[in-house]
Amino acid sequence: MAARVKPKMIGSSKGKVVKKAVLAPQQSGPIFSRLTVVWVTDGGIPFNTTGFFARLSRGNTLVSTANFDRFGVVRFNNVTTLTTATFTLRIFRSSDGALFRTRTIPAGVETFAVIG
């Protein structure tokens, strides 16, 4: 169990202790440094994607190929975020190469969800 973090004490007023919470700085950039895709059901539950892989392309140029993990996630290690181009994502089954989904990922994202 994590230890409880108490607010920093900054002084007192008329004998009462005044506490001020120290806030974390605002997020200034992407959380995910590489393009990450999640394949989920209509209800938002990730599929078990063992045995699936994805290909990412720009026009007729293949940019990257990566395997899904079993939790519905694929990460393209050579595509930094926020993306600066539009990509075509194709999802295949590894055992026979069957194409399952094709989606367009717009520029300016760090994550993308394939629904259904």
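Just so you know, in segment 87-116 the residues that are among the β-branched types (Val, Ile, Thr) and open to solvent by 80 Å² or more (accessible area, probe 1.4 Å) include one that is nearest to residue 59 (Cα to Cα), and it is 104. Could you list, in sequence order, all residues of segment 25-70 that are on the phi > 0 side of the Ramachandran plot and under 16 Å from the mean Cα position of the chain (by Cα)? The answer is 44, and nothing else.
Close contacts from segment 22-46, counting a first residue that is more than 22 Å from residue 108 (Cβ to Cβ) and a second that is loosely packed, with under 15 Cβ neighbours inside 10 Å and of a type in the set (Lys, Arg), with Cβ to Cβ under 7 Å and a gap of 6+ residues or different chains, come to 22/8.
The values are calculated or read from the model by the stated rules, or taken from the named source; none is laboratory data. The model shown is predicted, which means the values in this text are computed figures rather than measured ones. Every residue, glycine among them, receives a Cβ derived from its backbone with ideal geometry; neighbour counts consider all protein chains shown. We work out accessible area using only protein heavy atoms, side chains counted, and drop any ligands, DNA or RNA first. Shrake-Rupley method; radii C 1.70, N 1.55, O 1.52, S 1.80 Å.
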